[in-house]
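The values are calculated or read from the model by the stated rules, or taken from the named source; none is laboratory data. Just so you know, these numbers come straight off a predicted model, no measurement behind them. Counting neighbours? That spans all protein chains shown, and the Cβs are built from the backbone with ideal geometry, glycine included.
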Amino acid sequence: MAITPYTGTFGRSELQHLLRRTLFGCTPGDLAHFNGMTLTQVVDELLTFSNNTAPPVKAYSALDGNNNPDPTLLDPNVLFGTTWVNTPREADAAAEVTQARLESLVAWWMGQCVEQERNMREKLVIFWHNHMPTHLGQVFNSEASYTMNQLLRTHCAGNFRQLIHDVTLEPAMLYYLNGYLNVASAPDENYGRELLELFTLGQGSGYTEADVQAAARVLTGWTVLEQSGGNPILPQTIFFPFNHTQTNKQFSAFFNNTVILGQNGPDAGENELNAMLDMIFANDECSRFIVREIYRFFVHGDIDAVTEAEVIEPLAEVFRNNVAAPDQVRTVLTALFTSEHFFSAAIRGCMIKSPADLVFGELRLLAQPLPDPALLEARFQVMRDMYWLVDYAGQNLGAPPNVAGWPAYYLYPSYDDLWLDTSTFPARNNSLLGINYNGFTTSENTYDAASANLQFKVDQVAFTQLLNNPSDPVMLIDELVDHFYVNPISQSVKDQLRQDYLLLGQQNNSYWTTAYNTYVADPNTTNMAAQLVPDILRWLIGDMQQAAEHHLF
Amino acid sequence: MQRRNFIRSMSAASLGGFAVRGFGNPLFAPLFDRAGEDRVLVIVQLYGGNDGLNTVIPLDQYGMLSQVRSNVLIPSAQVLPLQGLNGLTGLHPAMQGMRELWDLGQLSIVQGVGYPNPDYSHFRSTDIWETGANSDQLLDSGWTGRYLNFEYPNYPTGYPNATMPDPLAIRIGGPVTIGLQNMGVSMGASIYTTEDSLDLSGNIFLDPVTADCKGSKLDFVRTVQQQTDLYGNVIEAAALPSCNLSTMYPTGGQPGAELARALKIVAQLICGGLKTRLYWVSLDGFDTHSQQVDGNDTTLGAHALLLQGLSDSIRAFQDDVHLLGIEDRVLGMTFSEFGRRIKSNSSLGTDHGAAAPMFLFGSKVIPGMVGQNPEIPADTTWNTNLPMQHDFRSVYSSVLRDWFCMEQADVDTVLLDTYQPLALVDPAGCLDTSVHQLNQQAGLSLLDVYPSPFVDRTTVRFTSDGGRVVLQVFNEQGQAVRTLVNRDMSTGQHTVTADLEELPPAIYYCRFQNGARQQVKNMLKVR
């Protein structure tokens, strides 16, 4: 049975639903861009990616004796303004160098998110990062963490088996789950277990404890090289046959009693890994598991028997039918996002925003101004602050709570409810208010003088200029409500917002129209009512940000 | 101009005009209400699976241990022997603080705690420990969530109220996970600090929720929002600086500083007069697959720092509650999702294992060691795990019966089966049952099941507010096994008969939903 395609109206609210779940929020510009396209056209574009952007560059420095920032005092082998990703750190490099590069990496990553193109790539990078996480602080290797992020980008809508294969041998993963220490004399089961439990088959699917141990033995012998001839090199995965378990690996009845023949020689690790992935992917549980992961991330936490039968199983079949296809994941996602189920009332608006969705959605919606690309240091500082803002709201990207990712994506039965509790609720609100009221500032003491002392604050008037009828107070409130909330807002609440804020307690709508038009015509107006317009909008948005409704999407 | 800012700034919070409650203020302690003197449980969760063999070290097994885990083994001369155990058992050298508690008679060690058919997944095993499930059973409620539902069956309808103005449970420094959930209701509040962060008095977003999925989700967000507001007030008011007297807490960069910060808040809130029954704190990092110990000195390294942090924090907490004069009301308990493998690996670490010791601490524990040193088999291989001596639910059963003063039959209801209690806590000093009766009546009862226990049929009485009423019976696994009502009903009281003749004898949950209001009551079917 195939999944039922969506045949209903594809109007504004359907487009909003699709974009909110696949981008970070949905801006007036996004809606205008996709306006008039068919569902298939929109989904095609959302799954079409340009080439990867330029890598992170050095925009960090250390203070000299006179308290002046000097880039040659921190990571001196990399020139200011050039990328560090191809320059190995010295074997005895100070932790500050790794730290600076990791901050540069996350700032770069946040830049990709907040300046995302109109496609799903950034959401998918976080999806895969949640599915097969590595922890920046625990791996503490900037170059390996960059290549891992690149790997997730490259394969984000590609072939899942290829992705799993590459992740297994990626230095950051070998470090994170101890694969680099997994040797024949004393196998370390950490990666083998999570490969089966969290990455491919799922806990309780039927594999045994002996399978975990056999998988660990298949994976013995890989490690990471960071030196060659006494010189530092970029982290490089290498296979040492003498550390590999050369005996046969017996798997359980769940895998049809497969025996992976023990091999020796330089290709033994690669051959046995491929044999094991073939064995795993031949099991239907693998396709079901990964489809459930996709579903829980993008659609809805709880999967009931009907959804399992009518959504998960058909998509799992699509997944299996494309097991060797280079765009396997893209095909599955296309089927999901063009399905009747995805547009059903049963799931629309019924998810709590992740902190990344909440913060980046707000930054994009309110058209947060960002530093010019030439101002490297300013960009670095602002994007790094965004990283901490998402963390403050409850999601430390690059540092998930553990190898299972964030509980909101897997923990039965509460799922996305787990983003919200009595401690994260005020933090989430505060992060939104911070965007609206405070914005971002750069430090006064920078290496590049042009980056110093800059402010990047949301311009609420400029934001309303992106709407259709900002000078009409009734329509302005209607439009803001439409952009902010998925739940309906009653006319009486809208009237109160209009009167309390836009009309300053007055009755006549023309009060706002006159003030707004006067301000827009001349921001330096001396008309006192018009001078209040930016503040009024800031207060109005600040109020709307704090509604419970704003947490749903 | 209405500028509605719900979020309090730091300065606004410190100006919050809430009366300070506590023992010293008789105005806030109604006569005969002794609930504020009731007992408190502090759960310390050790994430990652703690290596029990390097925590409570069986010195009589040293010969075998040095064969199977020599690279992580603590030199026997450095182990801290426990008085009264004939030199056979000792603590990791980093655990001076807990050794002091042992000497003070405030520590109970339960050996070999686990469950049949152990699961080696962090996530599944954590789930099992938090829900009290069997290895092959999926439960959607936590054991403490079910306990709190037993004590406060009307929660959250009509809460907070005079009998229970405070959160039933407080999680400090992490999310409320399944352990504190009951039938989709979170029975606990989560905080990081004691600052009151929300004031909803100007909120105008109060439209009725719609009768669809996004409406019920909105209802959930609003519940959290209201709890944040209300509980923020009482927590900030209770967090008196004078309610921390110990100078022993680790701080700054010292091991355990984060756990100590959480335990300090616990002491503060108990002393400040909260009626909260349960506090849940945690320490992360016990998944020591590699570099568990320092290669040059096995008494140092990651695990030593963790144990030192745990031990020093708990020692300081006990010092604090002693100085505050509340120690007889407070019991602590540690748990971790599993122990680690007997045989170490070559990464100076240990892989996932099975049974491990648990600690109970407090002035009312029955001090000593329950159970035996684990025995290391001569033929230990990579697969060999320590067998279980005590089911973890026997520990829970003891705590519920002897610390929370429950009848054994009620304990069995909460734990979904009978588990032999152990002698861990002195049962003397339970408050009289009127306190419990008061708790059970607190809040607004929308739903009653009578009789329960019942054999085939029972009567369900509920109060509708008008509109759609859904009344369903769920089994322990959270599956709806009967829908008794699913239609619009007039405002007022209604009764229906639940005929469950065909269902097996077990505990069922009757769940009532009427718009945004919901309530769950137990129903026990017997032969």
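Would you confirm, using the coordinates I've provided, whether B:Leu206 is outside any helix (DSSP H, G or I), out of contact with any Phe, Trp or Tyr (no Cβ under 9 Å at 6 or more places or on another chain) and either over 29 Å from A:Gln496 (Cα atoms) or free of Cβ contacts under 8 Å to residues at least 60 places away in the same chain (or both)?
So B:Leu206 passes the test.
Scan the range B:278-296 residue by residue and report those that are assigned to a loop (DSSP other than H, G, I, E, B), more than 13 Å from chain A (Cβ to nearest Cβ) and touching a helix residue (DSSP H, G or I) at 6+ places or on another chain (Cβ under 7 Å). Lay out the reasoning, then the answer.
Going residue by residue through the range B:278-296, those that are assigned to a loop (DSSP other than H, G, I, E, B) are B:284-296.
Add one more test, that the residue is more than 13 Å from chain A (Cβ to nearest Cβ), and what stays is B:293-294, B:296.
The one that is assigned to a loop (DSSP other than H, G, I, E, B), more than 13 Å from chain A (Cβ to nearest Cβ) and touching a helix residue (DSSP H, G or I) at 6+ places or on another chain (Cβ under 7 Å): B:Val293.
Quick one: count up the residues across the range A:1-29 that are among the charged types (D, E, K, R) and surrounded by fewer than 19 Cβ atoms within 10 Å (Cβ to Cβ).
Here the count works out to 2.
Against the conditions (1) within 9 Å of chain A (Cβ to nearest Cβ); (2) surrounded by fewer than 24 Cβ atoms within 10 Å (Cβ to Cβ); (3) assigned to a helix (DSSP H, G or I), where does B:Leu218 fall short? Just the number, please.
(2)
Can you tell me which of (1) among the hydrophobic types (A, V, I, L, M, F, W, C); (2) within 21 Å of A:Asp357 (Cα to Cα); (3) surrounded by fewer than 21 Cβ atoms within 10 Å (Cβ to Cβ) is the one A:Phe140 doesn't meet?
So the condition that A:Phe140 fails would be (2).
Yes/no per residue for (1) touching a His at 6+ places or on another chain (Cβ under 9 Å); (2) part of a strand (DSSP E or B); (3) modelled with pLDDT under 95; (4) of a type in the set (S, T, N, Q):
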residue	(1), (2), (3), (4)
B:Phe359	no, yes, no, no
B:Ser363	yes, no, no, yes
B:Pro374	no, no, no, no
B:Pro377	no, no, yes, no
B:Asn383	no, no, yes, yes
B:Cys405	yes, no, yes, no
B:Asp410	no, no, yes, no
B:Thr418	no, no, yes, yes
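Select from the range B:335-354 the residues that are under 26 Å from the mean Cα position of the chain (by Cα), more than 12 Å from every other protein chain (Cβ to nearest Cβ) and surrounded by 24 or more Cβ atoms within 10 Å (Cβ to Cβ) and list them in ascending order.
Residues satisfying the conditions are B:Ser336, B:Phe338, B:Gly339.
Going residue by residue through the range B:242-258, is there one that turns out to be away from chain A (no Cβ under 14 Å), of a type outside the set (Ser, Thr, Tyr), more than 30 Å from A:Tyr176 (Cβ to Cβ) and out of contact with any helix residue (DSSP H, G or I) (no Cβ under 9 Å at 6 or more places or on another chain)?
Within the range B:242-258 (the criterion being away from chain A (no Cβ under 14 Å), of a type outside the set (Ser, Thr, Tyr), more than 30 Å from A:Tyr176 (Cβ to Cβ) and out of contact with any helix residue (DSSP H, G or I) (no Cβ under 9 Å at 6 or more places or on another chain)), the answer is no, since none of the residues qualifies.
Would you pick out the residues in the range A:524-549 that are at the interface with chain B (Cβ under 9 Å from one of its Cβ atoms) and in a helix (DSSP H, G or I)?
Residues satisfying the conditions are A:Ile536, A:Trp539, A:Gly542, A:Asp543, A:Met544, A:Ala548, A:Glu549.
(1) in a helix (DSSP H, G or I); (2) touching a Gly at 6+ places or on another chain (Cβ under 8 Å); (3) farther than 23 Å from A:Phe297 by Cα: which one isn't true of A:Val458, the others all being true?
(1)
Please count how many residues of the range B:290-323 are under 30 Å from B:Ser242 (Cβ atoms) and among the hydrophobic types (A, V, I, L, M, F, W, C).
Count: 6.
Among residues belonging to the range A:383-430 that are at pLDDT 90 or above, within 30 Å of A:Tyr191 (Cβ to Cβ) and in contact with a strand residue (DSSP E or B) (Cβ under 9 Å, 6 or more places away or on another chain), point out the one that is nearest to the other protein chains (Cβ to nearest Cβ).
The extreme case among them is A:Leu418.
Determine which member of the set A:Asn35, A:Asn68 is in contact (Cβ under 8 Å) with a residue 40 or more places away in the chain, surrounded by fewer than 20 Cβ atoms within 10 Å (Cβ to Cβ) and among the polar types (S, T, N, Q). Before the answer, list the steps.
Working: A:Asn35 fails: in contact (Cβ under 8 Å) with a residue 40 or more places away in the chain.
Only one candidate qualifies: A:Asn68.
Going through the range A:482-500 one residue at a time, which ones are under 24 Å from B:Ala211 (Cα atoms), surrounded by 20 or more Cβ atoms within 10 Å (Cβ to Cβ) and more than 7 Å from chain B (Cβ to nearest Cβ)?
Result: A:Tyr485, single match.
Would you mind finding the one in A:Thr237, A:Thr200, A:Thr208, A:Thr223 that is polar (S, T, N, Q), buried (at least 17 other Cβ atoms within 10 Å of the Cβ) and either within 13 Å of chain B (Cβ to nearest Cβ) or more than 29 Å from the chain's Cα centre (by Cα) (or both)?
Answer to the check: A:Thr223.
When the residues of the range A:240-262 are filtered to those that are within 24 Å of A:Thr223 (Cβ to Cβ) and surrounded by fewer than 17 Cβ atoms within 10 Å (Cβ to Cβ), which remaining residue is nearest to the chain's Cα centre (by Cα)?
A:Phe240
Name, by its number, the condition in (1) under 30 Å from B:Pro175 (Cα atoms); (2) buried (at least 21 other Cβ atoms within 10 Å of the Cβ); (3) within 14 Å of another protein chain (Cβ to nearest Cβ) that does not hold for A:His341.
The single condition A:His341 does not satisfy is (1).
Restricting to the range B:187-209, name every residue that is within 24 Å of the chain's Cα centre (by Cα) and either more than 8 Å from chain A (Cβ to nearest Cβ) or not small (Gly, Ala, Ser) (or both). Steps first, answer last, please.
Taking the range B:187-209 first, the residues within 24 Å of the chain's Cα centre (by Cα) are B:187-196.
Correct list: B:Met187, B:Gly188, B:Ile191, B:Tyr192, B:Thr193, B:Thr194, B:Glu195, B:Asp196.
Is it the case that the range B:304-315 has a residue that's at pLDDT 95 or above, within 14 Å of chain A (Cβ to nearest Cβ) and closer than 15 Å to B:Asn54 by Cβ? Spell out the reasoning first.
Step one: of the range B:304-315, the residues at pLDDT 95 or above are B:304-315.
With the extra rule that they be within 14 Å of chain A (Cβ to nearest Cβ), the set shrinks to none.
No, every residue in the range B:304-315 fails to be at pLDDT 95 or above, within 14 Å of chain A (Cβ to nearest Cβ) and closer than 15 Å to B:Asn54 by Cβ.
Against the conditions (1) touching a strand residue (DSSP E or B) at 6+ places or on another chain (Cβ under 6 Å); (2) at pLDDT 95 or above; (3) not in a loop (DSSP other than H, G, I, E, B), where does A:Ile164 fall short? Just the number, please.
All conditions are met except number (1).
State yes or no: is B:Asp465 at pLDDT below 90, loosely packed, with under 15 Cβ neighbours inside 10 Å and more than 14 Å from chain A (Cβ to nearest Cβ)?
Considered against the rule, which asks whether it is at pLDDT below 90, loosely packed, with under 15 Cβ neighbours inside 10 Å and more than 14 Å from chain A (Cβ to nearest Cβ), B:Asp465 comes out as yes.
Of the numbered conditions (1) over 29 Å from B:Leu416 (Cα atoms); (2) out of contact with any strand residue (DSSP E or B) (no Cβ under 8 Å at 6 or more places or on another chain); (3) in contact (Cβ under 8 Å) with a residue 24 or more places away in the chain; (4) within 7 Å of another protein chain (Cβ to nearest Cβ), B:Thr228 fails exactly one; give the number of that condition.
(2)
With respect to the numbered conditions (1) of a type in the set (Ser, Thr, Tyr); (2) more than 10 Å from chain A (Cβ to nearest Cβ); (3) surrounded by 21 or more Cβ atoms within 10 Å (Cβ to Cβ), which one is the sole condition not fulfilled by B:Ser135?
Failed condition: (3).
Considering each of B:Ile172, B:Ile204 in turn, give the residue that is of a type in the set (A, V, I, L, M, F, W, C) and surrounded by 23 or more Cβ atoms within 10 Å (Cβ to Cβ).
B:Ile172
Please find, within the range A:508-523, the residue that is farthest from the other protein chains (Cβ to nearest Cβ) out of those that are surrounded by fewer than 15 Cβ atoms within 10 Å (Cβ to Cβ) and within 12 Å of A:Val474 (Cα to Cα).
The residue in question is A:Ser510.
Does the range A:261-272 include one or more residues that are of a type outside the set (D, E, K, R) and within 14 Å of chain B (Cβ to nearest Cβ)?
no
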